[in-house]
Amino acid sequence: MVLVVVGVIIWNFSTKFQQHDRPVTFSDFMSWADAGSLARVEITGQEIAGVTKANETFHTYAPSQYDGLVNKLIERGVQVRAKEPTASPWASLLYSWAPVLLMVGFWIFFMRQMQSGGNKALSFGKSKAKLSSSSQKKVTFKDVAGVDEAKEELLEIIEFLKEPQKFQKLGGRIPKGVLLMGPPGTGKT
């Protein structure tokens with residue numbers, strides 16, 4: 001969606017900068033028509049673009065309730081060409097609502113980031129992952145000294161997790177959890 005909005009904005013600006021004709025008021029346009037200084041005009045909806053006999057390009061907008069404009073121009077010898085408006089109502093709706101929807105989307109995104117706590121509104125993209133090094137020494141049960149009963153119980157839990165069918169035949173149930181106690185850094189995880 002963002003790419004579509006950016007594309008529409010770029011297209012809109014590029015078409016605006018391609019027009020090298022100067023804007024004139026409708027009353028100036030009508031006075032040129034009365035004076036006979038218009039060569040040709042192209043009417044697209046309410047927009048009027050044209051060329052004077054001095055080869056100057058211009059554009060203006062006609063009032064919506066102005067009747068008889070085409071007849072008046074033809075009587076003055078102006079070559080009139082009418083075109084159907086190319087902009088669809090959907091495009092104009094997109095032009096008008098896209099910036100508002102984009103702002104609302106950013107606002108909702110930042111509000112959700114701020115609600116997650118920890119002042120994380122602008123911390124998106126920062127990974128919390130840590131690089132695990134294979135050179136770290138791995139601790140096994142052979143390296144652990146101390147209470148042999150605790151080691152045996154942990155080995156039994158590991159065996160149950162690897163082969164639960166063996167214990168389920170004897171009526172064993174999956175434990176809800178295991179509570180390991182000890183000071184930090186002693187390998188409880």
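A compact table of results
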read-out	value
Phe109/Thr86 FRET efficiency (R0 35 Å; Cβ-Cβ; nearest 0.05)	0.50
Debye-sum result for region 26-75 in log10 I(q)/I(0), which assumes one identical scatterer on each alpha carbon, at q = 0.24, 0.28 Å⁻¹	-0.92, -1.28
Ala98 versus Met181: modelled label distance in nm, points set 7 Å from Cα along the beta carbon direction	6.4 nm
Potential extension, Ser37-Val51 segment - 0.36 nm per residue separation minus Cα distance	4.1 nm
Residue-by-residue Karplus 3J(HN,Hα) for region 108-113, coefficients 6.51, -1.76, 1.60, Hz, glycine and proline x	5, 4, 5, 5, 5, 5
Estimated vicinal HN-Hα couplings, Hz - region 175-183 in sequence order (Karplus 6.51, -1.76, 1.60; Gly, Pro = x)	x, 6, x, 10, 9, 10, 10, x, x
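Rule-based calculations on the coordinates, nothing more; no lab input. None of these values were measured; they are calculated from a predicted model. Don't worry about glycine lacking a Cβ; one is built from the backbone with ideal geometry, like all the others, and counts go over all protein chains shown.
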